[in-house]
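The values are calculated or read from the model by the stated rules, or taken from the named source; none is laboratory data. Because the structure is a prediction, the values reported are computed rather than measured. Backbone-built Cβ (ideal geometry, glycine too); neighbour counts: all protein chains shown. Heads up: the accessible areas ignore ligands, DNA and RNA and are worked out on the full protein's heavy atoms, side chains in. Shrake-Rupley method; radii C 1.70, N 1.55, O 1.52, S 1.80 Å.
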Amino acid sequence: KSNNNCMESNMSKKILILANNSIGLYKFRVDLIKKLIIDNNEVVLSTLDNGFIDDFQKIGCKVHLTDVDRRGINPITDLKLYKKYVNLIDEEKPDLVITYTIKSNIYGGMVCRRKKVPYAINITGLGTAFQKDNLLKKLVIKLYKIALKKAKVVFFENQGNKEIFVKEKIIDDNKCKVLNGAGVNLDYYSVQEYPKNNEVTRFLFIGRVMKEKGIDELFAVMRRLYSENYNCVLDVVGISEEDYHDEIDKGIKEGWLCFHGYQEDVRPFIREANCFVLPSWHEGMANTNLENASSGRPVITSNIFGCKESVIDGVSGLLCEPKNVDSLYSAMVKFLNTDNDDRIKMGLEGRKHMEEFFQKKKLLLKLVIVCLMINLEVII
């Protein structure tokens, strides 16, 4: 009878998920959330509302709207977030807490540690704080050490990020699990017929328009290519998170840039693209690389952890050095000089790579198994 009660208890758990925005949570984690609900768990979300809240509620989630200042370092604002998490955990009394992104990881982790609630942390990227050896980096490392001390497991999206956390003695290696990001839905991002128009090469960038995504290097290269009479254009899909309005207007007037702003469905833009380009400085796992490769598009991206895993260099795409205009220029010129048949082959090789290593269903199963192990530990 005791064993039956344990099994019944394991089948129904309340899982609280903390995240800094609802768009990213829905686009990259909704399959996990659906799986948890299907497995008879109650799922409660705490997130900033920037879309998809109704969709979460329709699939059975309870949602607490929570303001999270994603990039700010105001201690008063962060203290409010900490107190919000304290009240939330007191109210919901979850069996397991899963956190995503730096603010939720740190303050959610601290509260779970204090309240002795089992929790799993997801490091979806190191962010700006780890880019320079300064006081901010030291502070973030100290906070992470406090927050992660009692975590049941810490998920990383690439090996490089994990190695940094272990080297800085933030977390022991035996608590770490490396996943290939959130993976990619191979059905949703199905192979698209390659464009037949060979006259104009359409490069595509999808993401936040900001310095750390390599947008300065990309704009510089496009301007250079255009001045050298290469017949190419750049489609940019995403919000301008930093002040690039003048640069965008200038590129549009010069004729090499098409700016489309935020788009809920990026597949029509992938369909028209010849090549996806992401010269980012740092990533957890660049989902846009995965989505384009899954759709049969060659990818040019940075030779860094979080980007390079998605590309077989010279086979499914090309790698360039981050923060290096000349390296990006060489890669894009090499692609421009590649004939259409070879471009198609590159795209199809990228799709095969996604099927083998980045299929969301496989990664989802690994994550659910670990969460189940945590639940069993709680019962025992």
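Could you list, in sequence order, the residues of segment 303-324 that are open to solvent by less than 20 Å² (accessible area, probe 1.4 Å), in a strand (DSSP E or B) and of a type in the set (A, V, I, L, M)? Of everything in segment 303-324, just one residue is open to solvent by less than 20 Å² (accessible area, probe 1.4 Å), in a strand (DSSP E or B) and of a type in the set (A, V, I, L, M), namely Leu318. Going residue by residue through segment 250-257, is there one that turns out to be open to solvent by less than 80 Å² (accessible area, probe 1.4 Å), of a type outside the set (A, V, I, L, M, F, W, C) and under 24 Å from Ile304 (Cα atoms)? Scanning segment 250-257, I find no residue that is open to solvent by less than 80 Å² (accessible area, probe 1.4 Å), of a type outside the set (A, V, I, L, M, F, W, C) and under 24 Å from Ile304 (Cα atoms), so the answer is no.
Across segment 20-42, the number of residues qualifying as closer than 18 Å to Lys360 by Cβ and outside any helix (DSSP H, G or I) comes to 1. Taking the criterion of being touching a residue at least 60 places away in the same chain (Cβ under 8 Å) and surrounded by 20 or more Cβ atoms within 10 Å (Cβ to Cβ), the only residue of segment 64-87 that qualifies is Tyr85. Restricting segment 129-145 to residues that are assigned to a helix (DSSP H, G or I) and surrounded by fewer than 14 Cβ atoms within 10 Å (Cβ to Cβ) leaves a set whose member that is modelled with the highest pLDDT is Lys142. Applying the criterion of being more than 16 Å from Leu65 (Cβ to Cβ) and more than 20 Å from the chain's Cα centre (by Cα) to the residues of segment 92-106, the residue that is surrounded by the fewest Cβ atoms within 10 Å (Cβ to Cβ) is Lys93. The residues listed here are Val154, Val117; of these, the one that is crowded, with 19+ Cβ neighbours inside 10 Å, assigned to a strand (DSSP E or B) and not aromatic (Phe, Trp, Tyr) is Val154. Taken as a whole, the condition of being among the basic types (Lys, Arg), in contact with a helix residue (DSSP H, G or I) (Cβ under 9 Å, 6 or more places away or on another chain), in a loop (DSSP other than H, G, I, E, B) and surrounded by fewer than 16 Cβ atoms within 10 Å (Cβ to Cβ) applies to Lys196.
Would you check which residues across segment 149-201 are more than 18 Å from Asn105 (Cβ to Cβ) and either in contact with a His (Cβ under 9 Å, 6 or more places away or on another chain) or among the β-branched types (Val, Ile, Thr) (or both) and list them? Correct list: Val184, Val191, Val200, Thr201. Taking the listed residues Leu204, Leu126, the one that is open to solvent by less than 70 Å² (accessible area, probe 1.4 Å) and touching a His at 6+ places or on another chain (Cβ under 7 Å) is Leu126, with no other qualifying. With respect to being touching a Pro at 6+ places or on another chain (Cβ under 9 Å), outside any loop (DSSP other than H, G, I, E, B), under 30 Å from Phe130 (Cα atoms) and of a type outside the set (S, T, N, Q), Leu204 falls outside the description. Of all residues in segment 167-174, none satisfies being of a type in the set (A, V, I, L, M), within 30 Å of Gly255 (Cα to Cα) and part of a loop (DSSP other than H, G, I, E, B). Within this structure, Ile17 passes the test of being modelled with pLDDT of 95 or more and within 21 Å of the chain's Cα centre (by Cα). Within segment 162-178, being out of contact with any Asp or Glu (no Cβ under 9 Å at 6 or more places or on another chain), aliphatic (A, V, I, L, M) and open to solvent by less than 60 Å² (accessible area, probe 1.4 Å) holds for Ile170, Ile171.
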